[in-house]
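A short worksheet on the structure shown next.
Bear in mind that the values in this text are calculations on the coordinates, not laboratory data. Since we're looking at a predicted model, the values are computed, not measured. Ideal geometry is used to build each Cβ from the backbone, glycine not excepted, and the neighbour counts take in all protein chains shown.
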Amino acid sequence: MSERVLRVGYVPGVTPDKWARAWRERRDGVLLELVLVEEADAEQAVRDKRIDMALARLPVDRTGLHLVRLYDELPVVVVNREHPAAAYDEIELADLADEQFITGIPEGLIPRANQLTFPPMSAKEAVEVAAAGTGIAVLPMSVARLHHRKDVTHRPVRGPAPTTIALIWLTDRDDATTQAFVGVTRGRTPRSSRG
């Protein structure tokens, strides 16, 4: 008889290693398969049942989904190493109002500069554009670290709301295996009760 598999997707920047280790220690005959999914595809991959669950970045459409918030990610600004923001340990969002935003204007900021129109691009591409000095990108810190280059730096930025990582799965897939993985992400031990 083949071993059952729980397929859990995760978006770039999320590091599911600690949960995978905890799962392997108590898996009860179910193999955990981790699948990297693009951020824009995580919700649909769950809905299409290509994966059983996903560690996704919010927001997602919660219709038909269970969702457990896991943690918030610190927003950072990614700039060329020569950019004035590189001199600070941390920067206020309002201090970036004269900049060109590659990844879209953060909510709550009224830019003073006429904004260039950048095509939709991946985080990696946005970091490449920031490296060229054409603009700046506001990204979750984990994503900025993932795409780090020698010619860019990132600094925490005060003002934008943090992004949230959550575990999502279909409401009709709420079995013991699913709940066991939810327990792992919530830090429950094999002996602790659900809740």
To the nearest Å, what is the center-to-center distance of the stretch 19-37 and the stretch 76-142, using C-alpha atoms only? 37
Extension gain (nm, one decimal) between R173 and R24, 0.36 nm per residue minus Cα-Cα: 51.5 nm
Nearest 0.05, what FRET efficiency do A132 and D17 give at R0 = 35 Å with Cβ-Cβ as r? 0.60
Report the relative contact order of the stretch 22-110, percent, no decimals, based on alpha-carbon pairs under 8 angstrom and at least 6 residues apart. 13
Difference of contour (0.36 nm per residue) and Cα-Cα distance, V35 to A87: 15.0 nm
Of all DSSP beta bridges having both residues in the chain, the percent classed as antiparallel (nearest 5) is 65
Need one number: the % of Cα-Cα pairs in the chain sitting beyond the 29 Å mark. 34
Cβ charges +1 (Lys, Arg) and -1 (Asp, Glu), total dipole of the stretch 75-158, debye: 260
Contour minus end-to-end for Y71 and N114, with contour as 0.36 nm per residue of separation and end-to-end as the Cα-Cα distance? 12.0 nm
In the stretch 75-158 the DSSP beta bridges are antiparallel at a rate, in percent to nearest 5, of 75
